[in-house]
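In what follows, a single structure is set out as structure tokens and then discussed.
The values are calculated or read from the model by the stated rules, or taken from the named source; none is laboratory data. Keep in mind that what you see is a predicted model, and the values were worked out from it rather than measured. Neighbour counts are summed over all protein chains in view; Cβ atoms, including those assigned to glycine, are modelled from backbone coordinates with ideal geometry. All accessible areas refer to the heavy atoms of the entire protein, side chains included, with ligands and DNA or RNA removed. Shrake-Rupley method; radii C 1.70, N 1.55, O 1.52, S 1.80 Å.
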Amino acid sequence: MALHTTWAVALFGVDGVLVEIESDVRSGGIPSVQLLGLPDAALQESKNRVRAAIRNSGEHWPQSCVTLALSPAAMPKTGTSFDTALAMAVLAGAERVPAGRLDGTVFFGELALDGRIRPVSGLVPGLLAAVAGGMRRAVVPLEGLREAGLVERIEILGAETLREVIDWTRGAGELWSGSSPADEGVPRSSPAPDLVDVLGQPEARWALEIAAAGGHHLLMVGPPGTGKTMLAGRLPGLLPELSAPRALETTAVHSVAGELCENATLLRTPPFVAPHHSISLPGLIGGGTGLARPGAVSRAHHGVLFLDEACEWGTKRLESMRTALEEGEIRLSRSEGTLRYPARFQLVMATNPCPCAPARDIDCQCTPHARRKYFSRLSGPLLDRIDLWVRMRPMSTMELPDDESPEPSATVRERVSRAHRTALLRWEKHGWRSNSEVPGPVLRREFPLPDSATRLLDKGLDTGALTARGADRCLRVAWTLSDLDGAERPDVDHVAAALRFRDRTTA
């Protein structure tokens, strides 16, 4: 019996760290198991799961002093994904399996008492860490084989039981590779709803097109039944597909959240996340016991976060998103460490104009004070980060003239795609992909507009109608408008239109 090593991965948010598991099995003394390296409660309990799984797989548990050390020792370890690696470390230390195939192999999976390998969350970021750490192959639960196959530059093998892994290390059997047989006939995501279903609301539809073309945040204000939720749900269908790196980032977040078990495909379509306004603060920005889980803002990374009934959300939850809107990530400090979750999303908010929310403004029974108090739940700093404000009007007729028939999403998406390609060519060398990502100082310094175009912004700043941040956001919207028009750069009309979309009297 001697010292042997296996490998696993510890996750901190979407960042993985390769963990070396050393096993020392010594004869003599009182039989015991020592697990070192700051394991949490779930990982500490793995000693009993591993012992039962080994015995129920037909193997002998060493009646010796077993020491398992997880390194880096000073880094907290959480979760149950270490079970398979711990079991193989014990068997290798007891010289029950040869160490040859363990070299360069990282193991994932929680063990059932009968030896079944259960799926775990976070396979994608875990495998990315394994690739960065120089691992050649990975053994994952069979149910996670499809998800693991999303990561390249590493051999992926799937196992259903610990018995299969043991036989594989001995050369007496093979593990699954490629797709799991259970993956056949996995349903694909349903197509996004079409914009043609929304009647009327030309200004809101135009604002939605601008938001899609430039990645801008959007606020829609109007009475119930005017199509706010319908329009928001159709925004992902106007957005371009995610590039490969962005798709992998988004998929990694959903992997950590445990949302890829049933249909593990690379998320090329921007996600659409619409939490209810009763969601808790940890549910929104991330949190929970131990090391925090990703919240709704992170699951909407590179996609759309829709807040319906925004004025009902409460100040604390709304204000918690301000840092994410500016920096594109959430940092959560816990006793076990600080986690980072990406959260670069496009925010769409919808709200009623007053508490009573009648179908027609003329039927409103709220006092002016009540209306102001209700809308003031959206703070000035939060509204200052919203690029487009639009007022929704009630429908006056169900019949539209033939020349005003709604455009389908495909037609609008063509214009959005052209504008997006124009912006991408302009900003690609700087590392940005949309107008909304460009810092204001860069726009003002490297891409200045003539005084005739910015005179309206100067007036807004002088009268206090605009903040410096608001002026920068107007410039970004103006560039998007010029891209949609096919112009070389924004003119005074584009700037005026951008300013109109920030006029609170319209919202």
Legend entry - Residue list for segment 287-296, filter: open to solvent by 20 Å² or more (accessible area, probe 1.4 Å) and more than 13 Å from the chain's Cα centre (by Cα): GLY288, THR289, GLY290, LEU291
Legend entry - Near pairs, Cβ below 6 angstrom, 6+ apart or cross-chain, from segment 106-124 (buried (at least 22 other Cβ atoms within 10 Å of the Cβ)) to any residue that is among the aromatic types (Phe, Trp, Tyr) and part of a strand (DSSP E or B): VAL106/TRP7
Inset, instruction - Check whether at least one residue in segment 344-357 is under 32 Å from the mean Cα position of the chain (by Cα), part of a loop (DSSP other than H, G, I, E, B) and loosely packed, with under 15 Cβ neighbours inside 10 Å, and report yes or no. - result: no
Legend entry - Lone unmet requirement of (1) acidic (Asp, Glu); (2) open to solvent by less than 60 Å² (accessible area, probe 1.4 Å); (3) more than 24 Å from LEU378 (Cβ to Cβ) for GLU319: (3)
Legend entry - Residue among LEU284, LEU219, LEU267 that alone is crowded, with 16+ Cβ neighbours inside 10 Å and either modelled with pLDDT under 90 or assigned to a loop (DSSP other than H, G, I, E, B) (or both): LEU267
Legend entry - Qualifying position, being outside any helix (DSSP H, G or I) and closer than 23 Å to ALA310 by Cα, among PRO193, PRO240: PRO193
Inset, instruction - Check whether at least one residue in segment 223-233 is open to solvent by less than 30 Å² (accessible area, probe 1.4 Å), over 30 Å from LEU127 (Cα atoms), touching a residue at least 24 places away in the same chain (Cβ under 8 Å) and in contact with a Leu (Cβ under 7 Å, 6 or more places away or on another chain), and report yes or no. - result: yes
Legend entry - Listing of helices (runs of 4 or more DSSP H) fully contained in segment 39-101 that carry 2 or more residues being touching a residue at least 12 places away in the same chain (Cβ under 8 Å) and surrounded by fewer than 19 Cβ atoms within 10 Å (Cβ to Cβ): 46-56
Inset, instruction - List the number of the failed condition for VAL19; all other conditions in (1) in a loop (DSSP other than H, G, I, E, B); (2) touching a Pro at 6+ places or on another chain (Cβ under 9 Å); (3) under 29 Å from GLU329 (Cα atoms) hold. - result: (1)
Inset, instruction - Evaluate segment 20-29: report whether one residue or more is acidic (Asp, Glu), out of contact with any strand residue (DSSP E or B) (no Cβ under 6 Å at 6 or more places or on another chain) and either at pLDDT below 95 or within 23 Å of VAL124 (Cα to Cα) (or both). - result: no
Legend entry - Whichever residue in segment 15-38 is open to solvent by 70 Å² or more (accessible area, probe 1.4 Å) and among the polar types (S, T, N, Q) and, among such residues, is nearest to the chain's Cα centre (by Cα): GLN34
Legend entry - Pair list, Cβ under 6 Å, 6 or more apart: segment 453-473 residue farther than 16 Å from LEU388 by Cβ, other residue β-branched (Val, Ile, Thr) and open to solvent by 20 Å² or more (accessible area, probe 1.4 Å): ALA453/VAL492
Inset, instruction - Would you point out the residue of segment 297-316, among those that are within 17 Å of the chain's Cα centre (by Cα) and assigned to a loop (DSSP other than H, G, I, E, B), that is surrounded by the most Cβ atoms within 10 Å (Cβ to Cβ)? - result: HIS301
Inset, instruction - Return a yes/no flag: does segment 48-61 have any residue that is acidic (Asp, Glu) and under 22 Å from GLY258 (Cα atoms). - result: no
